[in-house]
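Values quoted throughout were computed directly from the atomic coordinates according to the rules given, and no laboratory measurement underlies them. Quick caveat, the model's predicted, so the values are computed rather than measured.
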Amino acid sequence: MAVPDLVLMHPPSVMDFRKKTLLSGPVSDLVPSTPVFEMYPIGFTTIASHLESKGYDVRIANIASRMLASDRFNPDKFVRSVDASVFGIDLHWMPHVQGALELARMVKKHHPDRPLVFGGFSSSYYHEQLVRGYPQVDYVLRGDSTEMPFERLMDAIDRGASMEDVPNLTWRDDGRVTVNPLSHVPENLDDIEIDYGLLLRKVLKYRDLTGHLPYADWKSNPMSIAVAVRGCTHNCLNCAGSCDSFSRYLGRDEPAYRSPELLAEDIARAEEYIKGATFVVGDVRQAGKAYATLFLKELKARGVDNEVVIELFTPATVGFANEVSSSIDRFSVQMSPETHDETVRKAQGKPYTNAGLEKSIECFLKAGCGRFDLFYMIGLPLQTRETVAGTVEYTRRLYEKFPDANLFPFISPLAPFIDPGGNAFENPEAHGYRLFASTVEDHLKLAVMPSWKYVLNYETAWMSRDAITEATYSAGLGLNSVKRDLGLISHAVADRIEKRITDASALMRRIDGIVARGAASGTELDWLREQASALNESTVCEKEELDWSTSSIYASIPRMVGALLRRR
């Protein structure tokens with residue numbers, strides 16, 4: 001088999017998660033991936049698509065997904081068996097810091113002469129620490145758009161040329177670290193390529209389905225992603241994707257948008273391959289009403305049948321809901337009000353009212369919305385255990401006001417880490433936060449702690465680590481009771497969730513006792529490994545509540561084959 005030019009590898013959160021006792025808690029209950037965070041970033045697809053269009057052969061290897069799929073899969077043996085001219089590893093978010101650096105160590109052990117590149121938001125933030133302090137990392141490509149810089153880097157490596165002209169690159173040469181200018185920050189996303197057939201072609205070429213899956217459950221719950229924007233007009237306190245963070249660390253003072261026509265075409269092309277929902281990243285109204293209207297007009301012209309999931313960052317009008325309804329046959333909405341308390345929400349950076357939120361729910365449900373997801377968070381500024389409990393009661397009032405099975409509220413902790421780059425991380429004391437980790441090494445130490453309480457890299461002036469974890473379990477029980485009382489879930493399902501929450505809370509207390517005795521590793525924890533593993537998913541809700549697709553990937557096979565034949 002030919003050696004690819006580039007292998008992009010996605011690590012698990014902790015490399016030896018199968019051997020360690022790790023009570024992850026509900027940190028991934030509200031995302032498609034497991035607590036291993038096996039969902040690789042959309043940047044893998046755009047980088048691979050761009051480089052393939054330039055003649056490079058790129059393979060994706062989702063190490064985390066393969067480890068989940070089989071206990072017999074050995075990541076070290078796999079790394080030894082695979083070769084490439086260049087290796088790339090994403091450190092997009094800090095939950096992957098231990099897995100990413102350990103995977104990089106394996107690459108350098110078996111392929112010491114091959115260049116290794118890191119990229120992603122967290123890599124961009126910690127670029128100098130990574131290159132100076134971790135010899136397994138040769139290069140970091142910074143920024144939110146590294147497709148072209150990656151091409152320039154590959155070309156320089158091929159030619160043995162100097163790295164000085166590669167934009168956005170931090171690199172080490174003979175022990176000297178050089179930080180090239182962050183000069184590639186495209187004003188729009190129209191040059192970004194998303195080849196939806198790439199995954200299928202690579203599966204066939206490398207005979208590796210699991211290694212190319214975006215996340216472990218993708219076969220039974222397939223979805224595609226369309227990227228409307230990079231950057232943001234909003235400034236949520238805890239977000240590394242806020243406008244302040246983009247400006248400080250990613251060189252972007254203004255969001256870059258994909259044209260409405262190309263965004264609609266992305267969704268239509270995704271449907272050629274996949275029978276499942278398409279999630280549109282970013283609120284399409286950020287670029288203005290004219291942009292959103294044109295996007296919906298273009299989408300309507302293409303007659304998309306797949307479900308389209310849109311985001312709302314702020315309340316919407318009846319007019320916009322009706323525009324969506326008249327343009328898309330099947331659609332759903334996601335919105336993250338974070339809390340019912342308007343004072344807390346404003347401190348978090350979302351100064352809108354519950355009246356506006358409820359009007360949005362009303363108009364979209366009336367317009368035929370398939371589901372309206374609401375995401376609430378624990379660990380916010382000014383938030384107390386009492387306000388968390390108030391959020392749970394607010395969901396009861398929402399259900400009573402909108403007795404519709406299409407309303408899906410969820411609540412989870414802000415975990416495991418506050419994002420480096422967001423304003424709460426940059427100036428914690430001013431916003432009422434206390435950080436337990438600020439460097440790469442600090443986060444490495446937290447990542448392998450046995451309970452998610454000790455992995456948290458923060459607490460607030462209003463809620464300690466203990467209070468955050470206890471409020472999370474209490475809120476989970478409360479929301480479960482609301483759904484049971486109103487007949488939204490069966491008593492059997494409610495009882496199952498309640499038992500998981502109470503068991504997880506009890507196990508956390510047992511781990512607390514072990515940690516207090518100074519035994520944060522060893523036999524006592526080993527005895528709890530299987531119990532912790534069984535409690536790490538669907539802790540505060542049934543994860544299936546997040547599923548959009550009703551068809552498995554096998555229902556998409558005729559589409560995939562047809563699309564490949566048409567595009568040959």
**Study point:** Cross-link pairs beyond the 26 Å C-alpha cut-off, checked among LYS54/LYS205; LYS20/LYS453; LYS289/LYS346; LYS445/LYS499; LYS289/LYS366
**Key:** LYS445/LYS499
Study note, to complete from the structure: extent check for region 121-188: Cα max minus min per principal axis, descending, whole Å, gives 35, 29, 17
Study note, to complete from the structure: Amide H contacts under 5 Å for VAL309, restricted to residues at least 5 apart in sequence or on another chain and with H modeled in the peptide plane, are THR278, PHE279, VAL280, SER332
Revision key, fill the gap. Over all Cα pairs of region 61-118, the Kirkwood radius sets Rh, and Rg/Rh then becomes 0.95
Revision key, fill the gap. What helix-only [θ] at 222 nm does the chain give? Using -39500 (n - 2.57) per DSSP H run of at least 4, over all residues, to the nearest 500, the answer is -12500 deg cm²/dmol
Study note, to complete from the structure: Computed ³J(HN,Hα) along region 133-145: with the Karplus parameters 6.51/-1.76/1.60, θ = phi - 60°, integer Hz and x for glycine or proline, the list is x, 10, x, 6, 9, 8, 9, 10, 9, 9, x, 9, 9
Check your understanding: Hey, what do the phi angles of region 203-215 turn into as Karplus ³J(HN,Hα) couplings, whole Hz, using 6.51/-1.76/1.60 and θ = phi - 60°, x for Gly and Pro?
Key -> 4, 5, 5, 9, 6, 9, 6, 4, x, 9, 5, x, 7
Review point. For region 122-273, what percent of Cα pairs sit more than 23 Å apart?
Key: 52
Point to revise | Extension gain, ALA492 back to LYS19 (0.36 nm per residue minus Cα-Cα distance, nm) | key: 167.1 nm
Review point. Under 5 Å between amide H atoms, partner at least 5 residues away or on a different chain: which partners does GLY422 have, H built in plane at 1.01 Å?
Key: ALA240
Exercise for review: Determine, at each q value in 0.07, 0.08 (inverse angstroms), the log₁₀ of I(q)/I(0) that the Debye formula gives when each Cα of the chain is one equal point scatterer.
Suggested key: -0.40, -0.53
Point to revise | Hz values of 3J(HN,Hα) by residue in region 216-232 - Karplus curve (6.51, -1.76, 1.60), Gly and Pro given as x | key: 4, 8, 5, 4, 9, 9, x, 8, 10, 10, 10, 9, 8, 7, 10, x, 7
Practice item. Find the Cα radius of gyration of region 6-179, compare it with 2.2 N^0.38 Å by division, and give the number to two decimals. Key: 1.00
Check your understanding: Tell me, how many Å apart are the Cα centres for region 362-379 and for region 118-134?
Key -> 37
Point to revise | Shape parameters for region 299-376, alpha-carbon atoms, Rg then Dmax in Å | key: 13.3, 43
Review point. With contacts defined as alpha carbon pairs under 8 Å and 6 or more residues apart, what's the relative contact order of the chain in percent?
Key: 17
Practice item. Restricting things to alpha carbons, tell me how big region 222-546 is in terms of Rg and Dmax, in Å. Key: 20.9, 65
